[in-house]
Each structure stands twice: as structure tokens, then as C-alpha cells.
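Below is one structure; the comments refer to it alone.
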Amino acid sequence: MDDVSDVSDVSGTGGTGGTGGAGGVGDGARQPGHGHGPLAGFTVGVTAARRADELGALLGRRGATVLHAPALRIVPLADDGELMAATKRIVDRAPDVVVATTAIGFRGWVEAADGWGLGDALLERLGTVELLARGPKVKGAVRAAGLTERWSPASESMAEVLDRLLEQGVAGRRIAVQLHGEPLPGFVEALREGGAEVVGVPVYRWLPPEDLGPVDRLLDAAVSRGVDAVTFTSAPAAVSLLGRAEERGLLPELLAAFGHDVLPACVGPVTAVPLQAHGVDTVQPERFRLGPLVQLLCQELPARARALPVAGHRLEIRGHAVLVDGELRAVPPAGMSLLRALARRPGWVVPRAELLRALPGTGRDEHAVETAMARLRTSLGTPKLIQTVVKRGYRLALDPATDAKYTTD
């Protein structure tokens with residue numbers, strides 16, 4: 001899991017957090033973006049169970065609306081019998097190598113061992129083995145515990161750790177590996193295939209959330225294109241969301257949404273594995289941290305927005321709002337449905353019957369189109385952007401200079 005929020009992608013640092021901190025990101029609640037930032041007009045789903053307040057605050061400061069749905073919950077370390085059993089095995093019989101993979105997990109392991117009366121014995125044992133720390137943040141946690149790592153990769157990559165171990169030879173060696181709630185993909189298997197005895201150290205375990213309501217609301221929003229992106233900071237969160245979608249019979253629709261309209265953004269490559277296994281292409285920052293993840297969204301989402309020259313104005317269509325000459329204009333959902341239908345064929349007349357079909361749950365009364373259109377024009381603040389074509393329908397008043405470009409396709 002990224003050691004960023006849910007500590008899954010073996011790439012960063014964990015931290016404390018919750019669901020109601022600085023960002024005001026309550027479970028399942030949509031929080032309005034603050035000001036007109038690069039993410040203004042976009043809605044972003046957050047699946048993190050930890051540090052969600054920090055991620056929500058970063059997104060909100062850049063203008064996003066945040067829909068938080070923790071896709072998993074954490075079993076506290078001190079309550080986890082599996083970790084206690086693994087700790088006793090290591091204290092009773094020293095491994096040859098211990099691989100520390102996350103800073104938050106290593107600190108939690110030592111603290112839990114203290115609570116069980118095994119802290120001194122564990123530190124003494126770890127001081128006698130070859131201790132490998134995956135990355136500088138893990139190294140810092142190791143040294144804070146009074147220990148010294150034998151080696152740490154500059155890349156923060158578990159692949160580099162694995163390469164080092166296999167190059168040295170692992171046959172007959174006993175290697176303890178700090179896990180993150182589920183086995184590291186391919187890492188443990190490769191060690192065992194090389195002849196090593198692997199002792200898993202499950203520093204915490206993940207379970208489905210007790211309240212599935214926020215997750216279900218996020219799924220409904222994703223399949224209906226009510227969110228523009230969903231962020232993942234742990235592989236288990238991705239597995240949990242996909243699993244819940246499958247339980248509800250929504251998995252094909254969710255995968256289709258991720259394939260076209262909803263951007264799946266992962267904090268790192270390990271987090272992306274469950275999505276990629278379903279054929280979903282994801283985006284990831286170069287540095288596996290929350291800040292770069294948000295910066296990536298600030299680049300990707302505006303780049304995906306449709307911008308058109310209409311009636312002498314620049315119209316940029318975002319998730320739940322529109323920029324008119326750079327000014328953010330909130331638009332009701334029905335209005336956004338109409339605007340998107342018009343923007344699919346800019347400059348062309350779209351019949352009322354077709355626009356009616358674009359409106360959710362309006363039945364057969366074309367008067368609903370007129371009502372929603374009036375509200376849309378009011379929201380845009382510039383009525384002439386949309387022209388009424390008597391007895392036919394409506395069209396975006398595409399500028400003459402570009403009209404031919406869009407109408408000859």
C-alpha cells in the first residue's frame with residue numbers, strides 16, 4: 001500500500017488523519033471548492049481512509065469539490081493478533097534479513113510491541129539482523145527507533161530492494177518482510193521462488209468500511225459521471241471499491257466510466273495494480289506523494305475540459321460548472337446535461353426531443369427542456385451563448401470563424 005495516505009505504494013510517509021480535519025472532508029459529503037483554482041468546477045472522489053482531511057484540503061484549496069468515501073478501515077495494530085504472533089516469532093528466532101517498507105508501519109510495529117511488553121526484545125533482535133529500509137522516510141523511522149539500516153535504495157523502489165536480495169542470493173535465508181495489509185505483489189513470491197523462508201509482518205490489516213453508504217454514493221456518482229476523477233492512495237482501497245461495485249452489479253459500468261469520463265488517479269504503481277488488472281488505465285505522479293498527486297489532477301482535469309469559442313466568448317465546460325471568459329459559473333445538473341448535449345455538436349441544431357432524452361428523469365414533456373434551458377442561460381450569465389431555433393431546437397452560437405471547422409465533420 002502507498003505510504004502516503006493509506007500506506008500502499010511503498011512510496012512516502014504515512015501520517016495521522018481522519019475524515020473531518022482541516023479540509024472539512026466529511027464521509028460522503030460534497031465539499032465546495034474554495035475560490036477559483038485550477039480544479040474549480042470539478043468533483044473529485046477520495047477513497048482514502050487515512051489522511052483524507054489532508055488530501056481533501058489540498059484539493060479544496062485548488063477549487064475542487066470533494067466527495068469522500070473511505071473504501072476501507074484499519075484494524076488497530078495493538079489489537080492485531082497476527083502481528084503479535086509474527087513479532088514473537090522474530091524475537092524467538094532471528095531472521096537473516098528484515099525489510100522495513102513503510103515509515104508509519106515500522107513506527108506502529110515498534111509501538112505495538114511496546115504495548116505487548118516485547119518492545120525491547122524486538123529492538124534488540126532488529127539490531128542484530130541485516131535491516132533494509134525502503135527509502136529515506138523509512139530510514140528515518142528506523143533511526144528514530146535507535147537502529148541503523150544496512151542499506152536503503154535511493155529510488156524508494158521495492159523492485160530495487162528485491163533485485164539486491166536476489167543478487168545476493170536468498171536460498172536458505174530467513175527474511176522478514178513488513179507487509180501493508182495484503183501481500184506485496186510479486187515480492188514475497190519472488191523471494192520464496194529463490195529459496196527463502198519468508199516471515200510476513202502484517203503491521204495492520206484492512207477491512208471493508210462499517211458504513212457502506214459513502215462508498216455506494218461514490219459508486220453511483222462515478223457511474224452517472226457525477227465525479228470527474230477518483231483518487232486512490234492504496235491498493236486495498238481500489239480492491240474494496242471494485243469489490244463493492246461487483247457486489248452491486250455495477251462493475252461493468254464503473255470500468256466503463258473509468259475508461260472514458262472519470263479519471264482514476266493513483267498515488268503510485270502498486271496502488272494502480274488492481275485497476276490495471278481490470279484493464280483500467282490510470283494516471284500517476286512521478287513522485288508518490290499527495291502533493292504531486294493533486295498537482296497531476298490540476299494538469300489532467302483542465303486539459304480534459306471542452307473549450308469552445310461561442311458568441312464572442314470562451315466557453316469551457318467542466319464537471320459541474322462552466323468558465324465563461326475565465327469566470328466560474330455554477331450550473332445545475334439538468335443544465336449541464338443540456339450543455340453537454342449541445343457541445344457534442346457545437347454549431348448544429350439539437351432537436352428538443354434529443355435534449356429531452358439528455359435530461360435525467362423528465363419523462364416526455366418537452367416543456368422540461370424549455371425550463372431547464374432558461375435556468376441554464378441564467379446560470380451562464382450570457383444568454384446569447386445558446387440560440388433558439390424556432391420549431392427545431394437549440395444550438396451553441398459557435399463563432400463564425402470556427403463554425404465551418406465544427407460543422408463540416
Farthest towards the positive end of the dipole of the chain, among ALA71, PRO208, GLN387 and with Cβ unit charges of +1 on Lys and Arg and -1 on Asp and Glu, lies the Cα of GLN387
Please get the size of the charge dipole for region 198-301, origin at its Cα centre, with Cβ charges of +1 on Lys and Arg and -1 on Asp and Glu, quoted in debye to the nearest 20. 320
Counting only protein heavy atoms and a 1.4 Å probe, tell me what percentage of region 42-123's accessible area is made up of carbon and sulfur. 48
Entry for mean projected area of the Cα convex hull in nm² (calculated from the structure that is shown) out of [x] 19.7; [y] 24.5; [z] 22.4: [z]
Tilt, helix 81-92 to longest principal axis of the chain (alpha-carbon atoms), in degrees rounded to tens, equals 30
As an exercise, identify the trypsin sites (Lys or Arg not before Pro) in region 34-96 lying in DSSP coil whose Cβ has no more than 15 other Cβ atoms within 10 Å. ARG93
Gain in length, GLU111 to ASP261, computed as 0.36 nm per residue apart minus the alpha-carbon separation, to one decimal in nm? 49.6 nm
Run through the DSSP bridge list for the chain and note the antiparallel percent, rounded to the nearest 5. 50
Just to confirm the filter: which GluC sites (Glu not before Pro) across region 121-197 are DSSP coil and have at most 12 other Cβ within 10 angstrom of their Cβ? none
Just check region 345-400 against the gyration tensor rule for me: Cα atoms, a ≥ b ≥ c as the square roots of the eigenvalues, rounded for a/c under 1.5, and otherwise prolate or oblate depending on whether a/b exceeds b/c. oblate
The chain - accessible surface per residue (Å², probe 1.4 Å): 42
Those GluC sites (Glu not before Pro) in region 281-344 that DSSP places in a loop and that have at most 11 other beta carbons within 10 Å: GLU286
What nm distance separates the two modelled labels at LEU166 and ASP92, each placed 7 Å from Cα along Cα→Cβ? 3.2
Taking placed amide H atoms and a strict 5 Å upper bound, the residues 5 or more places from LEU179 or on another chain that come that close are VAL201, VAL203
Cα axis of helix 235-247 to longest principal axis of the chain: angle in degrees, 0 to 90, nearest 10? 50
Evaluate the charge dipole of the chain about its Cα centre and quote only its size in Debye, nearest 20, assuming +1 on the Cβ of each Lys and Arg and -1 on the Cβ of each Asp and Glu. 1620
Please determine, in degrees from 0 to 90 and to the nearest 10, the orientation of helix 333-343 with respect to the longest principal axis defined by the Cα atoms of the chain, where the helix direction is its Cα long axis. 70
Relative to 2.2 N^0.38 Å, what does the C-alpha radius of gyration of region 103-226 come to as a ratio? Two decimals please. 1.31
At a 1.4 Å probe, what is the % contribution of carbon and sulfur to the accessible area of region 288-403? 53
Selection from VAL349, LEU241, PRO95, by position along the positive dipole direction of the chain (Cβ): VAL349
In deg cm²/dmol, rounded to the nearest 500, the helical mean residue ellipticity at 222 nm of the chain, built from -39500 (n - 2.57) for every DSSP H run of length 4 or more, is -12000 deg cm²/dmol
Could you calculate the contour length gain from SER224 to VAL389, that is, 0.36 nm times the residue separation minus the distance between their Cα atoms, to one decimal place in nm? 56.4 nm
Of the candidates THR128, ALA374, VAL227, the farthest towards the positive dipole end of the chain (Lys/Arg Cβ +1, Asp/Glu Cβ -1, centred on the Cα centre) is ALA374
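The values are calculated or read from the model by the stated rules, or taken from the named source; none is laboratory data. All figures in this text were calculated on a predicted structure; none of them were measured in a lab. Positions of Cβ are backbone-derived with ideal geometry, glycine not excepted, and every protein chain shown enters the neighbour counts. What goes into the accessible areas is simple: the full protein's heavy atoms, side chains included, and nothing from ligands, DNA or RNA. Shrake-Rupley method; radii C 1.70, N 1.55, O 1.52, S 1.80 Å.
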